[in-house]
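*Asks:* Please find one structure pasted underneath; my questions will follow.
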Amino acid sequence: MTERQIDLEHALQLLQSTLHEEIPITRSFGLLVDSYDQGRLTLKAPLAPNINDKGTVFAGTLNAVATLAGWSLLWLILREHNLTGKIIIQDSAIQYLKSVAGDFTASCRKPDQLERLLMTFQRKGRARVELAVEIREAGSTAVTFTGRYVIDRRI
């Protein structure tokens with residue numbers, strides 16, 4: 001294992017701990033950090049603790065997990081660049097394309113304008129970015145989510 005792989009593995013473990021300690025409901029969701037590869041962060045969660053009366057995942061859980069995928073990606077980006085700041089969801093839109101009846105993943109890719117985001121944040125102490133999240137179950141897209149996040153050093 002290279003030093004970069006060890007650092008990444010440590011960062012993912014720290015993210016998992018941060019999610020469970022700072023956002024306790026993630027424990028109830030059974031939310032796990034699955035992978036971070038080629039700029040894409042993937043979280044996963046099981047059906048069982050998130051089931052509703054129809055035998056599918058509760059829509060509120062899907063929304064929360066999508067929001068957390070974007071939040072978690074920004075948390076990793078800040079860490080990768082040795083920056084600190086609070087991450088806040090400002091607004092979002094979600095489309096439920098089909099019911100989720102099993103374990104699922106939520107993936108978020110680094111934004112194309114990452115360098116601009118980082119420069120703005122370093123210069124002003126605050127920056128906004130829009131992130132897209134995709135929730136998949138059994139190999140197909142079930143939910144799409146777009147969220148605008150604010151990172152703020154001053155809070």
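*Asks:* All but one of (1) in contact with a Cys (Cβ under 6 Å, 6 or more places away or on another chain); (2) in a strand (DSSP E or B) hold for Thr42; which doesn't?
*Replies:* If we test Thr42 against (1) in contact with a Cys (Cβ under 6 Å, 6 or more places away or on another chain); (2) in a strand (DSSP E or B), just (1) comes out false.
*Asks:* What residue, among those in the stretch 77-117 that are of a type in the set (A, V, I, L, M) and in contact with a Leu (Cβ under 8 Å, 6 or more places away or on another chain), is farthest from Leu47 (Cα to Cα)?
*Replies:* Ranking the qualifying residues of the stretch 77-117, first place goes to Leu83.
*Asks:* Give Ile77, Ile6, Ile94 a once-over and let me know the one that is in a helix (DSSP H, G or I), at pLDDT 95 or above and among the β-branched types (Val, Ile, Thr).
*Replies:* Details: Ile6 fails: at pLDDT 95 or above; Ile94 fails: in a helix (DSSP H, G or I).
Result of the check over Ile77, Ile6, Ile94: Ile77.
*Asks:* Still on this model: Pairs, please: C-beta under 9 Å, at least 6 apart or cross-chain, first residue over 12 Å from Ser35 (Cα atoms) and in the stretch 7-19, second of a type in the set (Val, Ile, Thr)?
*Replies:* Leu19/Thr26; Leu19/Val33
*Asks:* For the condition at pLDDT 95 or above, part of a strand (DSSP E or B), in contact with an Asp or Glu (Cβ under 9 Å, 6 or more places away or on another chain) and not acidic (Asp, Glu), what is the one hit in Val129, Val143, Val150?
*Replies:* None of the other options fit; the residue is Val143.
*Asks:* Among the residues of the stretch 7-46, what is the count of those that are under 15 Å from Ile135 (Cβ atoms) and buried (at least 18 other Cβ atoms within 10 Å of the Cβ)?
*Replies:* 6
*Asks:* Could you grab me the full set of residues in the stretch 20-39 that are in a helix (DSSP H, G or I), closer than 20 Å to Tyr149 by Cβ and of a type outside the set (S, T, N, Q)? Give the derivation first.
*Replies:* Taking the stretch 20-39 and keeping what is in a helix (DSSP H, G or I), we get 20-22, 25-29.
Next cut, closer than 20 Å to Tyr149 by Cβ only: 22, 25-26, 29.
Hits for the stretch 20-39 are Glu22, Ile25, Phe29.
*Asks:* Hey, another quick one. Quick one: would you say Gly125 is surrounded by fewer than 21 Cβ atoms within 10 Å (Cβ to Cβ), within 19 Å of Val33 (Cα to Cα), more than 18 Å from the chain's Cα centre (by Cα) and small (Gly, Ala, Ser)?
*Replies:* So Gly125 does not fit the description; no.
*Asks:* Given (1) more than 16 Å from Glu134 (Cβ to Cβ); (2) assigned to a helix (DSSP H, G or I); (3) within 12 Å of the chain's Cα centre (by Cα), identify the lone condition not met by Val65.
*Replies:* (1)
*Asks:* Right, something else. Report the residue count in the stretch 98-121 for those that are over 20 Å from Ala138 (Cβ atoms) and among the hydrophobic types (A, V, I, L, M, F, W, C). Before you say what the answer is, go through the steps one by one.
*Replies:* Within the stretch 98-121, the first condition is being over 20 Å from Ala138 (Cβ atoms), and the residues that meet it are 109-121.
Next cut, among the hydrophobic types (A, V, I, L, M, F, W, C) only: 114, 117-119, 121.
Counting residues in the stretch 98-121 that are over 20 Å from Ala138 (Cβ atoms) and among the hydrophobic types (A, V, I, L, M, F, W, C) gives 5.
*Asks:* Take the conditions free of Cβ contacts under 8 Å to residues at least 60 places away in the same chain, in contact with a strand residue (DSSP E or B) (Cβ under 9 Å, 6 or more places away or on another chain) and within 20 Å of His20 (Cβ to Cβ) and apply them to Leu114. Does it pass?
*Replies:* no
The values are calculated or read from the model by the stated rules, or taken from the named source; none is laboratory data. Values in this document were obtained by computation on a predicted structure and should not be read as measured data. Quick reminder, even Gly has a Cβ in these numbers, built from the backbone with ideal geometry, and neighbours come from all protein chains shown.
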